[in-house]
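Enquirer: Have a look at this one before I ask anything.
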Amino acid sequence: MLMNSVTSGSLFTDLIDVTFTIEAEPVAKGRPRARVFNGRVHLYTPPKTKYFEQRVHRAAERVPLPQIGVPLRVDIVAICKRPKRLCRKKDPNSLIYRPSKPDGDNVRKAILDGLSNFFDDKQVVSGETVCLYAEKDRDIGRCVIRITTKLETEEEILTRLDLLSASEYQ
């Protein structure tokens, strides 16, 4: 199932804000594999990673995602199926943080590679990846991806990260 909400207008003048959901267990970007064929080394992407990247690509094709050359913010919420050990009665039914594999940065790499036909990942200048376990009653994971041209100012970023106080920046 694909859910999406879109607010977009002219290619470079208006805000682009696209959110869509992929109903699939998040997969981390696998390391390239190598094999020797006819005396030459061939590198290939692991099949599980390749299939996940194709799912991301197919989901992105269904939303109006223009090929643009402006800086982007990509936020990702990677929600994995909850393990049985966290399905006890005393465990909360809501989403909970997932401090385990697959790690967020490799899930982010796989998703950005799946979106590479729409924009170059060098355009992604900001974004957040949050890894969670699903609700108890969900039996499959999902990824929620938001792509927007609305970026924070330098002052907002530095203040949020507590690198500089707002007065030091000026």
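The values are calculated or read from the model by the stated rules, or taken from the named source; none is laboratory data. It should be emphasised that the depicted structure is a prediction, and the values quoted were computed from it without experimental measurement. Positions of Cβ are backbone-derived with ideal geometry, glycine not excepted, and every protein chain shown enters the neighbour counts.
Enquirer: Mind listing whichever residues of the stretch 122-164 are free of Cβ contacts under 8 Å to residues at least 12 places away in the same chain and either part of a loop (DSSP other than H, G, I, E, B) or under 20 Å from Arg55 (Cβ atoms) (or both)?
Expert: Within the stretch 122-164, Thr153, Leu161, Asp162, Leu163, Leu164 qualify.
Enquirer: Can you find even one residue in the stretch 150-166 that is within 19 Å of Thr19 (Cα to Cα), touching an Asp or Glu at 6+ places or on another chain (Cβ under 7 Å) and surrounded by 15 or more Cβ atoms within 10 Å (Cβ to Cβ)?
Expert: no
Enquirer: Which of (1) in contact with a Lys or Arg (Cβ under 7 Å, 6 or more places away or on another chain); (2) surrounded by 17 or more Cβ atoms within 10 Å (Cβ to Cβ); (3) at pLDDT below 90 is the odd one out, the single condition Leu65 does not satisfy?
Expert: (1)
Enquirer: Okay, next question. Go through the residues of the stretch 72-88 one by one and say whether even a single one is in a loop (DSSP other than H, G, I, E, B) and farther than 25 Å from Lys50 by Cα.
Expert: Within the stretch 72-88 (the criterion being in a loop (DSSP other than H, G, I, E, B) and farther than 25 Å from Lys50 by Cα), the answer is yes, since at least one residue qualifies.
Enquirer: Further question on the same structure: So is Asp75 acidic (Asp, Glu), closer than 30 Å to Asn117 by Cα, surrounded by 13 or more Cβ atoms within 10 Å (Cβ to Cβ) and at pLDDT below 90 or not?
Expert: Values: acidic (Asp, Glu): yes; closer than 30 Å to Asn117 by Cα: yes; surrounded by 13 or more Cβ atoms within 10 Å (Cβ to Cβ): yes; at pLDDT below 90: no.
So Asp75 fails the test.
Enquirer: Any residue in the stretch 94-106 that is among the hydrophobic types (A, V, I, L, M, F, W, C) and either assigned to a strand (DSSP E or B) or within 23 Å of Ile22 (Cβ to Cβ) (or both)? Write out each step before concluding.
Expert: As a first pass, look at the stretch 94-106 and keep what is among the hydrophobic types (A, V, I, L, M, F, W, C): 95-96.
Now restrict to residues that are either assigned to a strand (DSSP E or B) or within 23 Å of Ile22 (Cβ to Cβ) (or both): 95-96.
Yes - at least one qualifying residue is present in the stretch 94-106.
Enquirer: Is it fair to say Ala28 is within 28 Å of Thr149 (Cβ to Cβ), in a loop (DSSP other than H, G, I, E, B) and small (Gly, Ala, Ser)?
Expert: Yes: the conditions hold for Ala28.
Enquirer: Can I ask one more? If I go through the stretch 31-61 residue by residue, how many of them are closer than 20 Å to Val144 by Cβ and surrounded by 15 or more Cβ atoms within 10 Å (Cβ to Cβ)?
Expert: Going through the stretch 31-61 one residue at a time, the tally reaches 8.
Enquirer: Kindly check whether there is at least one residue in the stretch 41-48 that is in a helix (DSSP H, G or I) and of a type outside the set (Phe, Trp, Tyr).
Expert: Taking the stretch 41-48 and keeping what is in a helix (DSSP H, G or I), we get 47-48.
With the extra rule that they be of a type outside the set (Phe, Trp, Tyr), the set shrinks to 47-48.
Within the stretch 41-48, one or more residues are in a helix (DSSP H, G or I) and of a type outside the set (Phe, Trp, Tyr).
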